[in-house]
1. As an exercise: evaluate A24 against (1) modelled with pLDDT under 95; (2) open to solvent by 80 Å² or more (accessible area, probe 1.4 Å); (3) assigned to a helix (DSSP H, G or I) and give the number of the one condition it does not meet.
2. Can you find, within the stretch 82-92, the residue that is modelled with the lowest pLDDT among those that are part of a loop (DSSP other than H, G, I, E, B) and more than 13 Å from the chain's Cα centre (by Cα)?
3. Counting just the residues of the stretch 50-81 that are touching a strand residue (DSSP E or B) at 6+ places or on another chain (Cβ under 7 Å) and part of a loop (DSSP other than H, G, I, E, B), which one comes out most open to solvent (accessible area, probe 1.4 Å)?
4. Report, by residue number, each residue of the stretch 40-57 that is closer than 13 Å to R92 by Cα and either modelled with pLDDT under 90 or hydrophobic (A, V, I, L, M, F, W, C) (or both).
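The values are calculated or read from the model by the stated rules, or taken from the named source; none is laboratory data. Model, not experiment: these values are computed from the prediction. Glycine gets a Cβ as well: all are built from the backbone with ideal geometry, and neighbour counts include every protein chain shown. Note: areas computed on protein heavy atoms with side chains; ligands, DNA, RNA excluded. Shrake-Rupley method; radii C 1.70, N 1.55, O 1.52, S 1.80 Å.
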Amino acid sequence: MTRVRTALLALVAASVSALGVAAATPVAAAPVTSVQAAPVQERGAAGLDVYRGRYLGWADCDKAGRQGVERGHWDQYQCAEGRLFWHLWTNR
């Protein structure tokens, strides 16, 4: 019984250690790409710094942006492609 308990504890400790190192390594080693960092800086510089939401397709994002302009909520908008969604950014 003691051998089984010791073996289980060693296995759990090794698994936790391996998972902790495996989970931390990609985060620490992954470089920040220009796709992740640049859009926020570019939008802020261009005055498009208000995030309005995410949409499943470009057409939906563009439609929402145009409707906002027509209603006078904002003057400019941009639909930026993300990993799964299109993101709507506006100037106000």
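1. (2)
2. R92
3. Selected residue: Q76.
4. Within the stretch 40-57, R43, G44, A46, G47, L48, V50 qualify.
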